[in-house]
Structures are given as C-alpha cells and as structure tokens.
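What follows is calculated from the coordinates using simple rules that are stated; it is not laboratory data. Not measured: the values here are computed from a predicted model. In this analysis, Cβ positions are derived from the backbone assuming ideal geometry, glycine residues included, and neighbour counts consider all displayed protein chains.
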Amino acid sequence: MTEAQRKQEIARRRTFAIISHPDAGKTTLTEKLLLYGGAIQLAGSVRARRDSRATTSDWMALEKQRGISVSSTLLQFDYGGCVINLLDTPGHKDFSEDTYRVLTAVDSVIMVIDAAKGIEERTRKLFEICRLRGIPIFTFMNKMDRPALNSLALLDELERVLGIGAFPVTWPLGSGEDFRGVYDRLRHELHLFERTARGQHRAPNQVRGIDDESIRKQIPERIYAPWREEVEILTGAGETFDVAAVMAGQITPVFFGSGITNFGVQLLLDYFVRYGATPQPRISGDTPIPPEHPDFSGFVFKVQANMNPRHRDRLTFVRVCSGTFVKDMIVNDPVSGDPVRLSYPQKLFAQERESVEIAFPGDIVGLVTHKAFPIGATLTSNPSIRYDEIPRFSPEAFAYIRNSGTAKYKQFREGLDQLLQEGVIQSFSSLDAGRATTLLGAVGQLQFDVVMYRLHWCAGLAPAWTGARSRT
C-alpha cells in the first residue's frame, strides 16, 4: 500500500460516541443509525414488545432485561464511503468510568437531548468532559414526536447553559402529534416523513422546496405559519455553517428529529459522515503523534471478559492512533517489555466478531487474549511512544462479595479477577474479613449488580454480597 492510499484510508475513518442523560433515547438512536447505515435491516427497541427484537448495541442479557446500557459497545460498519466506528456508551452515572474511557478513544461525539426536558445533569457533565478534551460535538434534539419545548428555546438553553454556539442544520416542522418533518437549512429542502410500524423500517419521506405550493395543501396553517416564521428568523440571523468552528468546539451543529419514528435520522448520519472529525493526533509526553506517523501505536481503553461465554476469553479494545495495524505484528509487552505477537484481531459489531487483517488510525481493534493488557497500556512498534489517555477514578461505593458455599471457589476467584482486569471495580484488603470475602469499590452502586450478574451468568456461580459504608 502506498503512502497516499494509507492517508486516504485514514481520512475515511469516523470514530465517535453517543452520549446523553439516561432515557434521552441514546440507544434507540444508535439502533436507527445502524438501520440507515445499512448495518441492520430491522431495528429493535429497548422497550419493544415481547415479539420484537432487542437493540443490537445492548447485547448483554442484563441490558435487555433492564432496558438500559450497562457497558459501552462497539459497532463498526461502512457507510457513504467511510468506515464508521460507533461507540454506544452507558448513560447512568454509576457507569461513568466506562463512558469517560470511551471518550478518550473517539474523535467526535453526538450528544442526544430529550426535546421535552432540555439540558439535563448527565448531559452537562459529559459535555464538559468533551469540551476539556477538545472533542467536536454534534447535537440531536430527540423525541420531537412527543410534546416538546419550543425549538428556539432549546437553542437558547443550549447556548446559555453549555456556553457553546448552536447552528441548527435542520429545523422541525411541528412537534408531538403535529411533527411532520424537518427542514434542511443548508440544502433548502423540506423532508416530510411518514410513520412506519414501530419505527422498525426507514421512514418514507417526500422532499420539497420551501416555497413549494403543495406544502400549504398538506400542512395545516396553524402548523405551517409559525414554522415559516421561525425559519425566516433563523435566516435573518445571517449565520453561516463554519466547519472550522465545529472542529474547534466553538459551535455545535444541531439536528431535530425522532429516533423512535426515524424522522431526521438520515440527515444526521449524512451530515456527520461529511463533517465529522477524521482521526486526530494523540499526545505522547509533550509530542503530538499524527495519525500519518509511520510507526504503529495504539492504546487500550477497555477490557471485556466473557463476551462469548462459550469461549471464556477476554477482549482487549485498542484504539489505533498511528501507523498501520497488521495481524500477527510484534510489539513490546507494555508490562514486561518482552516481544508479544498481536494475534486474533477482531472487527466488532456488538457481540459479533470477524477476523481482521489490517486496521488504520481511527479503527478500534479487539484483541482476543488470555492475558489481558492493562487499561491505558500503549501498544506500539516504537518504544518512545507512550500515551497517557485514561482517567483514574476513586471509588464512591463499597461492598463485600463472597462465594456462597465452598464449591467452585477457584472459579469464583478467576471470574472475579477477570472482572477486576476490566477496571470498573477495584479490590481492597480488609482486616476484619476472612479470606473468602473480598471488599470491592466502584464508582456507583449499580456496578455491583453487574458484577453479581456476570459471575452468575458467565461463570455459573452463586455469589453473595453485602453493602459496606459508602464514601461521602
């Protein structure tokens, strides 16, 4: 492969996370981006009826039962001439450590806001993390098919509360039961949508010019007149879409729509693929390492054990930062310094995997290993490159965990050690507990529910736990 071809491959990558406050519709939007990206043919819903599909990104049985994301999930697919690496993150604060680590591995973010509620607490927190890291943010005002706040008021709140300029790329025509479509302000096209059964298929849409007389015949005057006035107000503001300002984090492109009905999702995806950030340089010490750097480098931002219980393996998630990753390449072990072969690399789509031969900066590679690389470790062919990307967190909740009975104690320790290697819980020595009891610490209480579930579901164990005094 020539250098020009390699640069072209790097420019095709779009690696991003979706963030939101819980229940803003993040996982539903993830599913609909997969639908419009051609990665799936039928969309599910977290709260779908029993005969419907579950979401692709929420693959763990616990996530399907509770209807929430408890672990970040990678979904890789091709769309519009680009390679998409989409990371769906947990919204609940108890899983914030996993979310923050994912944000170290992305180049852009889509921030989902419930249009009926506006800016919420977790939205503000995650936005500040993205701002500190200089990550460009695209905003999707979701749930416009339900009664929503005034669209101009939502823009004002976005600018006032988050302190970032907002440029509405699309503008909604109506809301709630009156939500009929969105107006593309850059192309001057109105997209009128039709609802589909449970939103499982792409929404049929008609495209019209804003002055098309047929619009007045289709849309009641009580909806059309205020919408047209709002469009003229935005046009009169004289703003222009500044891509450089988006990349600098000075403005956020804003899109309106509904993930559940699919309204506006296609426009969000198309504009993101066109204007989303390509792979960005990473800092080694005080030196920026551009993605075009000839030496391979990447860092570990996530470890997941037992994604496939039949194999009892663990997957190490590596963000490729520079050079070219090639199957079976040799790097130095980040702990011992010994040469290690990177075999069995995987391309990931939630729980599904397929072997990959080559990967470029921006890609996320899953390494199947029996010895996990530590979270934050740098893998590189150049020992002078060292990244320090992963934030460290102090636990705020504590619990004692033990194996019920004396059987399977070895399996209990092995299963717990695997979960400890994932870095979302920590283990502490306790002077007042016996050898069979372990004190665990985590950022949030729900992490203990996940530990208990995974020890039972993945390892067939019967663990028991009791709460300890939480940190104040």
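Remarks
- In this simple spin-label approximation, LYS7 and ASP295 carry label points 7 Å from Cα along the Cα→Cβ vector, and these lie 2.2 nm apart.
- Computed over the stretch 87-246, the ratio Rg/Rh where both radii use C-alpha atoms and Rh is Kirkwood: 0.99
- Electrostatic bookkeeping for TRP171 treats Lys and Arg as +1 and Asp and Glu as -1; over the other residues with beta carbon under 13 Å from its beta carbon, the sum is -2.
- Inter-centroid distance (Cα atoms) of the stretch 124-181 relative to the stretch 233-297, Å: 15
- Rounded to whole Å, sorted largest first: equivalent-ellipsoid semi-axes of the chain, Cα gyration tensor: 40, 27, 20
- Proximal lysines relative to LYS7, as straight alpha-carbon distance under 26 Å, when same-chain residues fewer than 8 apart are discounted: LYS327, LYS347
- Length gained when the stretch THR369-GLU221 is fully extended (0.36 nm per residue, less Cα-Cα span): 47.0 nm
- Beta bridges by DSSP in the chain, antiparallel share as percent, to the nearest 5: 75
- Multiplying the residue separation of ARG146 and ASP212 by 0.36 nm and removing their Cα-Cα distance gives an extension gain of 21.1 nm.
- Highest average packing first - 413-421, 282-290, Cβ atoms within 10 Å: 413-421, 282-290
- Mean projection of the Cα convex hull over all viewing directions, computed for the stretch 110-159: 3.4 nm².
- Counted charge near PRO463, where neighbours are those whose Cβ lies closer than 15 Å (Asp, Glu -1; Lys, Arg +1): +2
- Unit Cα scatterers, Debye sum, the stretch 3-275: log10 I(q)/I(0) for q = 0.07, 0.09 Å⁻¹: -0.23, -0.39
- Length-normalised contact order of the stretch 3-275 in % [C-alpha pairs under 8 Å, at least 6 apart]: 21
- Rounded tilt (10° steps) of 446-459 against the dominant C-alpha axis of the chain: 60
- Whole-number D in µm² s⁻¹ for the stretch 282-380, Kirkwood Cα-pair radius fed into Stokes-Einstein, 10 °C, 1.306 mPa s: 116
- Seen from PHE325, the other residues with C-beta closer than 14 Å to its C-beta sum to a net charge of +1, counting Lys and Arg as +1 and Asp and Glu as -1.
- Relative to the longest principal axis of the Cα atoms of the chain, the long axis of helix 121-133 makes an angle of roughly 80 degrees.
- Computed FRET value (nearest 0.05) for ILE164 with ALA407, which takes r as the C-beta separation and R₀ as 41 Å: 0.15
- Gain in span if fully extended, THR196 to LYS327, counting 0.36 nm per residue against the direct Cα distance: 42.8 nm
- Each distinct pair of alpha carbons in the stretch 1-40 adds a 1/r term; the inverse of their mean, the Kirkwood radius, is 12.6 Å.
- Per residue of the chain, the DSSP helices (runs of n ≥ 4 H) give a summed -39500 (n - 2.57) that works out to -8000 deg cm²/dmol at 222 nm.
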